[in-house]
Structure formats: C-alpha cells, structure tokens
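Each value in this text was obtained by applying a stated rule to the coordinates, not by laboratory testing. Keep in mind that what you see is a predicted model, and the values were worked out from it rather than measured. Backbone-built Cβ (ideal geometry, glycine too); neighbour counts: all protein chains shown.
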Amino acid sequence: MFPEVGKATLRVLGRLGHDVEFPAAQTCCGQMHVNTGYQKQALPLVERFADVFAPYDAIVAPSGSCVGSVRHQHAMIAKRFGSAGLVDQVEAVAAKTYELSEFLVDVLGISDVGAYFPHRVTYHPTCHSLRMLRVGDKPIKLLRAVDALELVELPAADQCCGFGGTFAIKNVDTSTAMLADKMRNVLDTGAEICTAGDSSCLMHIGGGLSRIRAGAKTLHLAQILAATRQDPVL
Amino acid sequence: MPPPAPDGVGNLRGVEKFPVAARRALADTQLRRNLGKATTTIRAKRAQVVAELPDWEQLREAGRQLKVHTMAQLPDYLAQLEAAVVARGGVVHWARDANEANAIVVDLVRDKAVDEVVKVKSMATQEIGLNEALEAAGIAAWETDLAELIVQLGHDKPSHILVPAIHRNRAEIREIFLREMGDVDPALTDEPAALAGAARQHLRRKFLSAKVAISGANFGIAETGTLAVVESEGNGRMCLTLPDTLITIMGIEKLVPRWQDLEVFLQLLPRSSTGERMNPYTSMWTGVTPGDGPQEFHLILLDNGRTAVLADAEGRDALNCIRCSACLNVCPVYERTGGHAYGSVYPGPIGAILSPQLTGIEDNASLPYASSLCGACYDVCPTKINIPEILVHLRAKHTETYANEHRVPSAEASAMAAAGWVMSNPKRWALALRTGRLGRLLGRKRGVIGEVPLPLAKQWTDARDFTRPPQQTFRDWWAAEHGGER
C-alpha cells in the first residue's frame, strides 16, 4: 500500500552506509489477527517471521505497531500454540527487531541523517510507539536535525487518533469522533505536514484531512528523513 | 466453570451493542461537552498530584503485588475476614450472586420493620440492582451521595464509576431537583453552592431519621475485620455512624490482607480518582462498638461472577481494580461515548474487561472491541492492570466461544481465515498486494479514493478518503531493482 515508505527507509539506511535486504519470503506480522481475536491463525505468520528474519543482525520496520506486535505478541502466540523451540526463535528475533527511529538513534547513535525538508511539520506519536515501544523523543530528535524543517508541537499529541486497526471499521463512529479531534489539533498548528512512524495512523489521519480538503497532509517519518536537496519527496 | 452473574437482575448487560449505543451518544452534543470538560480537568489534576510523588511507580507496583497476592489466596483471606468481623460482633453473609444478595438485604431490612433506608454510594449495589429489589419489596432506598441522588431522582443510570452523574450539567440537575425533590425552594438557581445546599437540606432529614444504612466498601482488611469507605462529601460518615443498623455489601475482590496495606492503597486511590492528595473523609469501622455507632453490623460478601473471573488466568487481573476510574478519565473512547453506551455500571476500559467476564463473554461480546488499544489506561492504572492485553485476550475468548457455539463460522472468521491463508505464503501475499492495484480504477479524479458505497469499504470511506493503490507494489519494485523473484 505504501511502497514509498519502504523505499524511503532503504534510502535513509543506505545513505548511512548500511547493507539492507528485503527478504521476499516475508509476509505480515500477524497483528491484525491477534488484535481481532484470531490468535491461532497468527501462528503461521509468527513462524514465518521468526524463520525469515533469523539470519539478520537487525530487522528494521518503519512501523511502531508491527514492531510492537513482534516484541509483545509473538512470544505469547508461540507459547500458546507453538513449540518451545519456536518460543526461543521468536524471542531471539524480537530482541533484534527495531522501529526505524529506535534503530537510528539507539542502535546507530545518529540523530542527523542528512535530510533536507523545507516545510512546516507536526509530529503525531502513535500509540504503539509511545506506550508499547516507549520510543520517547527519538522521532523528535531526528526531525529537529532535518535541515530547513520547521517543527511545531502538536496539542494533545498523546491522544489516540482513533485508527486502532479493525476498531476503525467496527466502531467507525467513535473512530471518526477521535479523528475529528486529532485533525483539529493538527490544523491548529498551521502545519502543512503531519508525520508519524506508522502508516496506519497516517492513512486514517491523512484520509480525514483529504476528505475535508483541509490543505494539510500526512507523510511518513521515513519519507521526511529520506528527503534531500537532490532527492526531495515533495 | 464457576457461574457468571445471572441474567435478569442487576445492571451489567446493555440492551444494545456498543457501536450502536455509541453512535447515538456521540451525537449528543451536551454529553460530549460535559464529558470532554470533566475528563480533561480531572486528567490534569491527576497528573499533577501523581508527579508530586517520587515513588509513584513503586507504589503502583506494590499495589499490583498486593492485589495479585490477595487474589491468589482469596479463600483463605475471606475466611480470615469473616472470623475477624464475627469476633468483633458483626454478622457475615455470603451471597453467591445478585439475587441472593438482594434477598439477604431485603430480609434484614424487613426484620427491622422499616420501609426506608439510606445508602452510601456503592457500585456493587448498582451492579446487583439493589435499589430496584428494595423498591419491589416496598422499601425506599435514599441515595445520599450527591451524584447518586441526582441519578436516582433523574430515574437514570450511573455513567461513571466515581462521578455517576457526569453526564448531567447543572441546568439539568436544577431541573431534576425542582421536579423530584418535594421540599425544594421553587426559586432554586443552578449555582453549584445552591444545588449542594438543596441536596444537603433534603438529605439531612434522612440522615437523622433513618434506622438502617446500606453501604459498599472500598477495602476490607482480612487481618482486623475492618471495612473502609473513601469519600468526598461526608454522607458516608453520616450513614456509617448515625443509623442503628449498618449493612455493607462488598465484592470479594475488595479484600486486602493487612491493616498496613492500606498505606499503599490510600495513597494510590485519591490521587488516581479525584486527583487529590487525600480525600476529605475516610471512614473505617470494625464490627460493633457498644454505645457508639451502629449496634448491628452485617457484611455481605458478594461473588456475582467474580470467581468466574478468578478462574481465567489471563483475565483475572481485572479483579485487581480499586475502582479509581483513572482509566475512564484517560480513555479517548469513554471521553466521547460516555458510560451508558457500555450498557453496564462498569464502563470504560475496566468495564470492557470486567463486565464481559462477570456476565460471560457472549453477553457483552461487543465490549472488548470498544477500544483502539491505545494503552492510555494501562499507563494510569494504580494497580497496573494490563487492560489492553486483557482486551486482546477477551477478543480471542469471544471468537473461540462463538466458534464453539456455532456450526457455521461468522463472516468475519471466514474472512480472517482467508486473509491468514493468503498471508502465510509470500507468493500469494505478493499477488494479493499486486491485485489490490485494481483499486486504481477508483480515485482517478482526485488521486485518492472517495466514497465507496460497498460493505466494509463504506465504513472506511463514509468518513475518510482512502489511499489510491500504487502503480507498482514495493515487492515488485524491489524485485525489479535487485533482479530477484517476484
């Protein structure tokens, strides 16, 4: 759905001198199944993830929710439905799986990735990044180091945007009510761009902004970090 | 399996599924404003008083451990509590469920030959529908907590576990008082002081004349047989000391082992609930003291599905709740829908995990889904109940129960199975993603997909545009760039 986010992640990591592979045998982390109540169906997805990513030093995902699922749900599924061997495999892979901002700031020790993005931006901390992964201010550090980027603080930033996976469909009215407030806060900043580390939230917030022709849009953190003078994203 | 709370009595089950009830509540602009204002204010207060304590996280962990420890040995502690209460002149009754509890209370009150009682706010009594049972027996139960009084006079149901009348504003309260309070001044204004004054006048007569009081309990100490009520208004103090007979109904999970343990909970509760360093009135009583206070004390221990909750290893932490309501006050869903939409007197995040476990999951199947799993509740829970994890567990419990009880899988289960099948094979998955580009037939005008009046697509696109699928999937791009397989 969002190939540009994947490409941007590759560009950022490549620019920092890393050898990045996208193993085509991967599919999905299984979060949708687990969160909707279909835990057993997630087992093959958990097995595949642990298997496909075992040989790598680090696994990076531009998604707080996927990494949250890998770190906090995969072991539970493995314990409940899988073998003891799977539990060990899963825990080993989870220990080296990182959300993008975590990887850049904590593992690589970098906050300036050499990006240029001359726009007014506000940052929405997604619930998984904020509360499950506790990425804290890493994305803010990265954004502050982006050349020409004007960063504006988002009011009530820690309030959920209302996506919540299948919640956005099953409880569409409440989801929309939460979206309304998130959009209002984004627009109050006067920012052109709302960014975050999760395409799911961005799809929801961006879809809302686009529907009301608000004149602001969403862009993934990876895409901002990938932007340079030679290679602008907008 | 221990039995759930019985149907046909009490207030644990709504008549509508959450999404339907929520839709209506969301359109109530008065409710939205009331809730938004109240929860925003109380969130700020709580945050401030919590920040004052350097050992808040240690307190939370202590609270959690005390509760986990207690639940693991509940039968022993309950026996200890009973012995301690009886030793100090109290009487202990065991009520398996709401019906038994109501019957015990009605019999006790009839025994005293009175037709009215005063009540201290108690969510447990709301849970079992005690007021309705007393009314059916010709006994008037006067709520003395201001918010519960408002709910009672308004012929309403509580919508919050701490501030039950949060859905009412002062203009509405004035109207209710004028209409229902027999002795009120017709020139009553809606100034908070005037409203409180009217309530005080109305209640004072009741306090001084009632022979029987009914209360709940925030805590019950096994070691000493002491009960504790933590309150703001003083009506508890009045009801617990003036009448001759006191009947207390307490959920069995309210137990704490030792007197010393109150040190932890009395720091956790006021800061988490009303955002105060200390609440105005904390009353503690043990059995009966001759010549002082009630001369007859009855403690009714209530199960009503709690043992069923205890039997679920992944769900039992819901019993660690000390009813502070911090989770309600930070929940973005509760803030917008209010408590009535949940259909149970326990709404919000804790309600979403407790109500379905008390009633049996299928009687409240929509509640575990009434959450975006944002986790704000877990961050503020004073006993560190991992509400999001239990919500996910209950969602699984629901789908498994549904599958066991139905020969034909639900549409959702079939869709999930199909998605799982596609996702478990990379070639199938890559093909599915590639096929998604068919969506590019839409969204050509604006570059995004607008309204699509088909099932499921409609739910998204009624309120939001949808991203137009890309020309080329990421996988196909990678394969092209790196000469690999597609």
Low-density loop positions, GluC sites (Glu not before Pro), segment A:128-234 - DSSP coil, at most 14 other Cβ in 10 Å: A:153
Rounded to the nearest 20 debye, dipole of the protein assembly as shown from Cβ charges on Lys, Arg, Asp, Glu: 2280 debye
Tilt relative to chain B, helix B:192-209 - C-alpha long axis, 0 to 90 degrees, to 10: 50 degrees
Expected 222 nm ellipticity per residue - DSSP helices of 4 or more, -39500 (n - 2.57), all of chain B, to 500: -14500 deg cm²/dmol
Residue A:108 paired with residue B:1, simple spin-label distance in nm, labels 7 Å along Cα-to-beta-carbon: 5.1 nm
Positive minus negative residues near residue B:246 (Lys, Arg vs Asp, Glu; Cβ under 12 Å): +1
Between 0 and 90°, nearest 10: helix B:426-435 axis offset from chain B longest Cα axis: 80 degrees
Inter-site label distance for residue A:19 and residue A:157 at 7 Å from Cα along Cβ, in nm: 3.7 nm
Given B:121/B:206; A:138/B:45; B:37/B:384, the pairs whose alpha carbons are separated by over 21 Å: A:138/B:45; B:37/B:384
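Within 10 Å, Cβ to Cβ, of residue A:77, how many net charges do the neighbouring residues add up to if Lys/Arg are +1 and Asp/Glu are -1?
With Lys, Arg at +1 and Asp, Glu at -1, the net is +2.
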Rounded Å value of the spacing that divides the Cα centres of segment B:64-104 and segment B:329-351: 28 Å
For residue B:174, net neighbour charge (Lys/Arg +1, Asp/Glu -1) across residues whose Cβ lies under 12 Å away: -3
Extension gain, residue B:28 back to residue B:191 (0.36 nm per residue minus Cα-Cα distance, nm): 56.3 nm
Estimated FRET transfer efficiency when R0 is 56 angstrom, pair residue B:379-residue B:205 (beta carbons, to 0.05): 0.80
C-alpha center-to-center spacing [segment A:110-168, segment B:243-314] in angstrom: 44 Å
Relative contact order for segment B:18-307, counting Cα pairs under 8 Å that sit 6 or more residues apart, in percent: 27 percent
Rounded to 10°, Cα long-axis angle of helix B:387-405 versus longest principal axis of chain B: 80 degrees
Cα centroid separation, segment B:12-37 to segment A:78-100 (Å): 40 Å
Partnerless cysteines, meaning none of the other Cys C-beta atoms lie under 4.7 Å away, in chain B: B:239, B:321, B:324, B:331, B:381
